[in-house]
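Below is one structure, written out as structure tokens; comments come after it.
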Amino acid sequence: MVPLERTLTASAVGERALLMTNQAIARAAIEAGVKIVTGYPGTPTSEIIETLALVADSLGIHVEWAVNEKVGLEIASTAAIAGVRGMTVMKHVGLNVASDILMVLGLSGVNGGMVIVVGDDPGGWVSQNEQDSRLFARMADLPMFEPSTPQEALRMTLRAFELSERLKLPILVRTTLKVSHSSGIVTLGPIAKSKTKGEYVKDTSRYYVADVVAQARHEWQHKQMQQARAILKSLNLNPLYLKKSQKLGIVASGAAYNYAAEAVRNLNLQHKVALLKVETSHPLPDDKMKKLLRSTKELLVVEETEPLMEDHLRMLSYELPQGHHAIIHGKRDGALPETNELSYEIVASRFSRLTGVRQRQNKVESDARLAIAEAVPPRGWTLCAGCPHIGTFYALKMLARKTTKGRIANLGDIGCIGLAALPPLENVDSSFCMGSSIAQASGLAYAGVDLPIVASIGDSTFFHSGITPLIDAVVNNAHVCILICDNETTAMTGHQPHPGIGVSATGKSTRKVEIEDVVRAIGVEHVETTNSFDIIETYRAIDRALKHDGPSVVISKGRCAEITRREARKLGAALLSFVVHSEKCKGAACMVCIREFGCPAIIWNGASGKAAIEPSLCVSCGLCADVCVFRAIGPGLSS
Amino acid sequence: MVRDRFDLVIAGVGGQGNLLLSRIIGETALRSNIDLQISETFGAAQRGAAVVSHVRLGKSYSPVVPFGMAQALLALEPAEALRQSRFLAPDGLALVNIKPIMSVEVLSGRATYPSLEVIRNLLSKLTSDLHMFDAQGLAVEAGDPRTVNLVMLGALDACSVLPFRTENLRNSISSLVPSNMIEVNLKAFDLGRVALLRLVKLEPSDSALLS
Ligand SMILES: Cc1ncc(C[n+]2csc(CCOP(=O)(O)OP(=O)(O)O)c2C)c(N)n1
Ligand code: SF4
Ligand code: SF4
């Protein structure tokens with residue numbers, strides 16, 4: 001078997017490899033001779049940077065985890081302005097952060113090929129929302145490709161680099177969770193030699209983007225997009241499968257196309273329905289869309305998640321003589337759900353309804369399915385056993401009970417800390433978007449809310465977008481305590497490094513930015529660092545901070561338990577387990593460790609009516625020993 | 001190939017090595033010139049979430065197996081067999097490891113874990129081709145409890161449903177696991193094969209075992 005590093009750097013044209021879409025995009029960047037790749041972690045696209053980091057040094061590519069998506073786009077696109085090829089990678093909400101520069105890049109344009117990869121999450125399974133990045137391509141008026149498979153992802157990303165260089169416009173590639181995390185066989189192409197040294201040419205008529213320059217460049221951008229339409233038409237994209245007698249047409253893209261094509265095959269509809277696979281989400285293939293509108297009686301538009309193509313088709317239909325175009329079905333008329341991820345099942349059942357072709361029925365009666373659904377025990381998200389956040393938020397929870405109103409407003413943020421909102425801790429109140437907690441806390445304070453106010457934020461999130469709202473809190477003297485939960489990693493997205501770690505994306509040691517230094521430099525007067533695994537110390541630190549009249553910061557430091565676990569595994573060292581001394585455990589009368597604290601390694605032994613600790617999960621963090629006031633929990637002896 | 005297409009769903013819990021299994025099967029298919037697609041759901045970084053891989057051999061369009069279409073369900077954990085059972089075709093092959101991994105909800109008493117009898121009963125309503133066995137025990141016997149995934153792969157291979165030879169699978173295993181782990185993984189794979197053949201009462205000759 002060929003290791004991934006070899007596949008990524010292989011020059012053997014025509015070699016076939018099994019790659020995940022994210023890996024195929026990484027390979028495409030290599031084939032394009034990319035020079036600079038930036039990104040910020042986020043599911044579903046994190047693996048692109050992680051893959052490129054494996055070979056960055058050997059190929060001479062600058063690969064970095066940027067501080068946030070906006071910084072990432074600014075770096076890569078400016079390298080492309082200097083003429084080398086650049087790529088930046090983010091999840092859908094990252095594009096919100098990067099959108100400020102995105103909107104200007106179409107005006108300045110670039111010189112080297114510049115590709116922006118954005119991973120959407122229909123259904124919002126691993127995000128704060130579902131959001132359709134195709135709308136961004138339309139708003140920024142920049143071309144966007146949408147692959148359905150790993151092979152297409154490679155081909156289209158490569159095309160995107162070439163087209164970008166031709167048009168001098170950045171190009172977007174959009175994937176969705178299901179596409180990003182699917183794997184398939186990919187045929188490798190040649191690795192291009194691209195420019196490796198950037199040049200800076202001063203040109204205020206392009207790069208000083210304001211008033212008359214912006215106006216002139218906006219005109220230029222529109223001309224470029226006209227050219228884009230012509231070029232895209234000449235390339236063999238957006239395949240249309242249309243035969244004369246077909247009364248029903250399907251328009252689909254991305255993962256939705258996969259479901260549609262599968263349903264066409266499974267229902268044997270090849271001869272009955274025409275199919276348009278849309279690969280350029282912007283600009284859309286008007287000609288083919290019109291042809292399909294003219295040739296069929298009904299059209300079903302299958303897309304995630306907004307009815308973008310559907311509305312566009314409706315608009316195009318006004319250009320056709322009345323009564324000479326298909327009726328359009330989709331999200332607007334309720335043929336397909338307006339929100340959430342699509343699935344094969346949803347798509348196939350709509351096809352079945354529209355064509356009258358029955359689906360092969362699954363013989364199992366629904367009672368059996370129902371009984372199974374009822375019996376399956378939940379296996380939801382939780383904080384890991386020994387997570388430092390458990391210590392921090394248990395301390396905060398205990399402190400809240402001691403306050404006058406018995407309550408602390410604890411505005412949360414994105415990341416593992418959000419899991420402290422779940423039972424039994426139930427401590428974090430909210431979660432909106434990266435870095436929001438701090439300014440939200442200030443908002444509550446200025447609104448005169450009569451409660452102690454805390455903003456809880458992770459370390460990576462603090463660097464991403466927590467610094468500016470902290471400056472705001474200092475300048476306006478907001479009486480809030482900012483609790484920075486420093487677990488020495490960007491945990492939730494898979495443990496990527498961040499500026500506070502001192503390690504680069506490629507594993508090299510770098511200059512480390514100390515959170516405490518940053519906070520002090522901003523002018524926060526009350527700053528304390530506490531050990532997340534010491535509940536009493538953390539409790540006291542937050543208590544003191546809340547009493548400070550003005551913004552205060554508590555940095556709760558404790559290493560992510562997953563990292564502790566991995567390192568132990570690497571060293572081959574066994575982690576000792578804590579134990580419950582059952583003779584001291586008060587059993588059902590107490591259960592504080594399970595009902596209030598909730599480290600997942602602490603289990604309830606129904607037979608003995610006492611708590612116990614599952615040794616395979618425990619990392620010996622010692623938190624629970626402090627939680628049990630009867631001193632029933634302590635370190636175990638080595639086994 | 002038994003049929004021109006083979007859909008497999010691998011159910012497990014984070015850390016059980018689902019992804020390695022789909023990789024082994026995928027690389028074997030690649031070497032055997034069989035088209036394939038894999039779709040994986042691996043939640044966030046936390047341990048213990050449900051993980052599912054869909055492996056589709058032969059020409060397919062969606063990487064996700066439609067409900068009721070999988071010819072085989074390989075469950076590394078019994079409750080996960082239930083959770084992913086909607087993908088299994090009526091009377092499809094179901095191989096289930098009987099060692100439960102309790103979820104936090106269960107451990108803390110907020111939910112109950114069904115007994116193995118209940119699980120067996122429920123699954124047998126979906127298929128008669130159900131084999132539940134102690135893959136965990138065999139993994140321990142092989143020398144490493146973490147090789148449950150390979151025990152299950154061996155069992156699947158013994159069912160002769162995969163469109164490639166045992167030897168090809170063994171080669172993929174050897175090239176995909178760290179070199180110091182090859183022996184124990186191959187042993188787990190073989191123990192899984194034998195266990196399944198015993199279960200279905202086909203005593204293999206030793207040569208057939210290694211074919
Ligand atoms: C704008 C934006 N970019 C990326 C993400 C993806 N994301 C979700 S959680 C998270 C990690 C946060 O890390 P950290 O703040 O260190 O908290 P931890 O998970 O380590 O507790 C990221 C990057 C997002 N939700 N929004
Ligand atoms: S991954 Fe780390 S930070 Fe996240 S819940 Fe687990 S231990 Fe806590
Ligand atoms: S020491 Fe206690 S709190 Fe820490 S991981 Fe073990 S059981 Fe959980």
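Here are the numbers:
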{"read-out": "Beta bridges per DSSP with both ends in the stretch B:6-209, % antiparallel, nearest 5", "value": "55"}
{"read-out": "Other protein chain Cβ atoms within 10 Å, averaged over every residue that makes up A:177-183", "value": "5"}
{"read-out": "Distant-in-sequence amide H partners of B:Asp35 (H built 1.01 Å from N, under 5 Å)", "value": "B:Gly58"}
{"read-out": "Amide H contacts under 5 Å for A:Val301, placed H, 5+ residues apart", "value": "A:Val251, A:His329, A:Gly330"}
{"read-out": "Rh by Kirkwood over Cα pairs, then Stokes-Einstein D for the stretch A:240-361 at 0.890 mPa s and 25 °C, µm²/s", "value": "173"}
{"read-out": "Computed magnitude of the charge dipole of the stretch A:242-326 (debye, nearest 20; Cβ of K, R +1, Cβ of D, E -1)", "value": "640"}
{"read-out": "Computed E for A:Asn129/B:Arg165 - FRET, C-beta separation, R0 35 angstrom, nearest 0.05", "value": "0.15"}
{"read-out": "FRET E, pair A:Ser504, A:Lys584, Förster distance 35 Å, beta-carbon r, rounded to 0.05", "value": "0.15"}
{"read-out": "Tail weight of P(r) past 15 Å, computed on alpha-carbon pairs of the stretch A:539-579, percent", "value": "61"}
{"read-out": "Debye, to nearest 20: dipole size of chain A, +1 on Lys, Arg Cβ, -1 on Asp, Glu Cβ", "value": "1840"}
{"read-out": "Cα-based convex hull, the stretch A:574-638, per residue volume (Å³, whole number)", "value": "78"}
{"read-out": "The stretch A:388-566 - Kirkwood radius from inverse mean 1/r over Cα pairs (Å)", "value": "16.0"}
{"read-out": "Computed label-point distance, nm, for sites A:Glu162 and A:Arg401 using a 7 Å Cα→Cβ extension", "value": "6.7"}
{"read-out": "Whole-Å semi-axes of chain A's equivalent ellipsoid (Cα gyration tensor)", "value": "47, 32, 25"}
{"read-out": "27 Å Cα-Cα reach of A:Lys291 towards lysines, excluding residues that sit fewer than 8 places from it in its own chain", "value": "A:Lys223, A:Lys233, A:Lys243, A:Lys244, A:Lys247, A:Lys272, A:Lys277, A:Lys331"}
{"read-out": "Modelled FRET efficiency - R0 35 Å, A:Leu320 with A:Met103, Cβ distances, 0.05 increments", "value": "0.60"}
{"read-out": "Estimated vicinal HN-Hα couplings, Hz - the stretch B:154-168 in sequence order (Karplus 6.51, -1.76, 1.60; Gly, Pro = x)", "value": "x, 4, 5, 4, 5, 7, 6, 9, 6, x, 9, 6, 3, 4, 5"}
{"read-out": "The stretch A:431-443 - phi-based ³J(HN,Hα) in whole Hz, Karplus 6.51/-1.76/1.60, Gly and Pro as x", "value": "7, 10, 8, 3, x, 5, 4, 5, 5, 5, 4, 4, x"}
{"read-out": "Computed label-point distance, nm, for sites A:Val629 and B:Ser115 using a 7 Å Cα→Cβ extension", "value": "3.9"}
{"read-out": "Interchain or long-range residues, amide H under 5 Å from A:Val84's placed H", "value": "A:Gly112, A:Glu199"}
{"read-out": "Mean residue ellipticity (222 nm) of chain A, computed from DSSP H runs ≥ 4 via -39,500 (n - 2.57), nearest 500", "value": "-12000 deg cm²/dmol"}
{"read-out": "Spin-label model distance (nm) - B:Ser175 vs A:Glu298, 7 Å beyond Cα toward Cβ", "value": "4.9"}
{"read-out": "Share of Cα-Cα pairs in chain B lying beyond 22 Å, as whole percent", "value": "46"}
{"read-out": "Length-normalised contact order for the stretch A:257-371 - Cα pairs under 8 Å, 6+ apart - percent", "value": "29"}
{"read-out": "Estimated buried accessible area (total), pair A and B, 1.4 Å, Å² to nearest 100", "value": "5100"}
{"read-out": "The stretch A:22-84: Rg to Rh, with Rh as the Kirkwood radius over Cα pairs", "value": "0.94"}
{"read-out": "Heavy-atom accessible area per residue - the stretch A:1-73, 1.4 Å, Å²", "value": "29"}
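The values are calculated or read from the model by the stated rules, or taken from the named source; none is laboratory data. Please read all numbers here as calculations on a predicted model, not as lab measurements. Note that each Cβ is placed from the backbone with ideal geometry, even for glycine, and that neighbours are counted across all protein chains shown. The accessibility values were calculated without ligands, DNA or RNA, using every heavy atom of the protein model including side chains. Shrake-Rupley method; radii C 1.70, N 1.55, O 1.52, S 1.80 Å.
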